[in-house]
Amino acid sequence: MTSNKRNLETITIDDSDEEDQKEPIAKKPTTSNYSAWAEIFNKKKAEASVVSAAEKAKKDAEKEKQRQKLKDAINERKRREALLENSKKAKQESPKVIKTEKPVKKEEKFEKSDSPGPSYSQPTDTQDSQDSSDFVANPLAVGTGERLIRGQDIIERRDKVFLELFLHKKYRSRLQMQAINCILKRKCDVYVSLPTGAGKSLCYQLPSIVHGGVTVVVSPLIALMKDQISSLRRKGIPCETLNSTLTTVERSRIWRELGKEKPTIRMLYITAEGCATEGIKKLLGDLTKRDVLRYIVVDEAHCVTQWGHDFRPDYLTLGSLRDVCPGVPWVALTATANAKAQDDIAFQLKLRNPESFKAGTYRDNLFYDVCMRDHLPSAPENHMASFITKCLTVDIKTSTPSLTKNEKSGRAQNKKTFVGSAIVYCRSRNECEQVAKMLVIAGIPAMAYHAGLGKKDRNDVQEQWMSNEIPVVAATVAFGMGIDKPDVRAVIHWSPSQNLAGYYQEAGRAGRDGKRSYCRIYYSKQDKNALNFLVSGELAKLREKAKKNNAEGEKAAMQIKSIQTGLQKMLDYCESAKCRHVSIATFFDDTDCRPCKTNCDYCRDPTKTTRNAEAFVNSEESTGRSMFRRPGTSSGESGFDAIYGGGKRGGETEDELLSSSTSSKDAMDRMEREEARRVRGVIDSEFAKRRRQAPSVPAAARGAGASRRVEPAMDVSVIKPEQTVIKNVSLESRENWVRYLLRALESNWIVAGPPAGTTIKQCAEQLEYGMYSISKNETTYKNKCGHKLAEIKKLTMKNAPFHYTNTTIEQNGFVKAADLT
């Protein structure tokens, strides 16, 4: 049987790249052109496969190289952490050996040195926390000292320093990375404005290590320098400072090192006052000529402008360094500067075509709120202690599995375990001490920090707070600048700042680790009056300078406007009912900020915040004239001159506001007088309100002895409100005295608590009725209540509990003689 199928000639293409295959891949067709095309196609395909395989192998090799590089960096970081832990353990196990070895080293060093200076036996208290003999520089930080030029070299060293020296895995923000890259190029001056805790210091520290050489950092405070240097030296970065606290030997050592051809010092911290001296100018000029000076950094650059909240005249001389160090890039950094301050910074420092990197003010992990002291449900001190306890106390339900045995045993014994730390900012030294004592009474370990303490005491307080041995510190506003402590859970202003920019910087020290933290202000009419008084003193001095028709007068006028604006914005922030984040952003010309919705008291509860703000304004209006005005003066005459024009009254007003320089006895007497005046004023104003609001009563009714019925209060009650033993003492008056006694007892019994079987409210009611029942007239009743209130407050000032005796009050108003003993 024959097949009808037609035999077809086929062409097959083999894409294999074997070299030993000699036979043609395609069968030769009848036409030679088709055969040539198939041969070319197969050849090109084989070449393409070889090229793609080579490229793939190259990419795989690069990825493996990067993977190995990152792995080595992680291993190096773990090795360094292990070394640090071992060194800490060694120090803890043998602290005595370390203490005895250090003096021996120093004695040998001073014996060999021929330079003049105090011997080791003389006590020298410098700001450097580490001795040069103990410091070991990291080779990565020292480098070669040569300035890098090639872009690839800069990128490689940047990544190496970032990972291995600073031990960071990623940048805090994209803006921070962009600022660092711009500074690394060294092609222009740079202005950086980042919020507190956003990583401003790394913006200049990383480029200074990458390029080697010396970077000069101008800082406003020696304490701030000390904190920065201690942090850098722990990383193995060689840095020094030149200031008035150095000894002759230390100063000579630093100058010799800077005089070398390739100095190993990477950062030199100096003050603005030091920059004005001829010695520092000559040093900077010499470093510039030898091409060793890499950057000039101005930290806290808002100090150079009169529009800033912390203006320092010495910063105005920094612009003259342009002529001394031509061609050296400048970097200006700040956390608090609006548009006017930014322009003035660039003008005063003579920045040349600066690149600006400015972040918004909004931080979503910070919760802002304002508490009106006069409208709190309990004593303000008790309220603050409770708030701090809530912020720092561990939640048992969520944290019990991770607690150590000691912490669990402490919980079993009802001991408080504090996690994190808090700062309470106070206006005066005396206020710091009082707040610290009050917190200790409330069971919260706390210490005071202010300029009245010795240097050693201040350092001890700061170190204990940094190591979380003491969770809370009550300090003046200078505390915390430059301190990088990530776990600050609460920043509380017991009295508000003088300007909104300063408050934003101080409050920004909370929540650097990105976790939820709280920023609270306790505000009252007395605080407002005190701020007006303090600012009026500054303005009075500046107005004298502003009268001059010269540059100094113009600067004084500008500074007056800046101080007034900052104070008014601070008061508006406390008294207005709107989003706190938006209020801060508006002050710094940040137009992109929107209401936070959940991160402030107003957005969380608008009704309650608005009600509190209105109550504050209404109470201020009902109080009458300000404490700054003399009788007979208008509101425009109030201020610094009006106070001192009041003779003895003006002097007393100043003492009431500025209590830091008075004794504790004067403070207690002043508190008694102030409380008595306040109570009389409140009572008089209440009677005046009722007289205005009371409806007219017919004469017949008045003759019949009719009186209007007053409903009792809801928050407090009095014993036997129907009694009218004393003429002209109304139910409202008695209720007010119960309220005053209740708040005083709450402040005194924060720790001790009321006697067994009673409450603080019941004790206040019993005390008031005891004095009401034995008084014969209104004057006697008020005096007895005032004396009892002063007695409780005096015991609170002495940290002594009030001893309450529960006397049995008979129905007829008399007390048994046996109960009086």
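Readers should treat all values here as calculations from the given coordinates under stated rules, not as data from a laboratory. These numbers come from a predicted model, not from an experiment. Virtual Cβ from ideal backbone geometry, glycine too; neighbours counted across all protein chains shown.
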request  = Just check the stretch 127-358 against the gyration tensor rule for me: Cα atoms, a ≥ b ≥ c as the square roots of the eigenvalues, rounded for a/c under 1.5, and otherwise prolate or oblate depending on whether a/b exceeds b/c.
outcome  = rounded
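Distance cut-off 31 Å, Cα to Cα: go down the list LYS160/LYS358; LYS608/LYS788; LYS170/LYS437; LYS59/LYS185 and report the pairs above it.
Cα-Cα > 31 Å for LYS608/LYS788; LYS170/LYS437; rest within.
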query = If Lys and Arg each add +1 and Asp and Glu each add -1, what is the summed charge of the other residues whose beta carbon sits under 12 Å from the beta carbon of CYS596?
reply = +3
task = Assuming a ≥ b ≥ c are the square roots of the Cα gyration tensor eigenvalues, decide whether the stretch 723-802 counts as rounded (a/c under 1.5), prolate (otherwise, with a/b larger than b/c) or oblate.
result = prolate
ask   = Along the stretch 757-768, what does the Karplus equation 6.51 cos²θ - 1.76 cosθ + 1.60 (θ = phi - 60°) give for ³J(HN,Hα), rounded to whole Hz, x for Gly and Pro?
value = x, 10, 10, 4, 5, 5, 5, 5, 5, 5, 5, 5
key: Nonlocal amide H pairs with VAL297, under 5 Å, H built at 1.01 Å   = VAL216, VAL217, VAL218, VAL331
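Loop-only GluC sites (Glu not before Pro) in the stretch 236-313, please: DSSP not H, G, I, E or B, and at most 15 other Cβ atoms within 10 Å.
GLU261
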request  = Using the structure shown, select from LYS71/LYS226; LYS226/LYS262; LYS226/LYS525; LYS525/LYS578 the pairs with a Cα to Cα distance greater than 27 angstrom.
outcome  = LYS71/LYS226; LYS226/LYS525
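With the contact rule set at Cα under 8 Å and sequence spacing of 6 or more, what percent relative contact order holds for the stretch 127-358? Intermediate results must be reported in sequence, preceding the final value.
Details: 374 pairs, mean separation 63.7, N = 232.
With pairs under 8 Å counted, the relative contact order is 27 percent.
Hey, could you get me the Stokes-Einstein D for the stretch 466-543, Kirkwood radius over alpha-carbon pairs, 25 °C and 0.890 mPa s, rounded to whole µm² s⁻¹? Numbers along the way, then the final one.
Details: Rh = 14.1 Å.
Rounded, D is 174 µm²/s.
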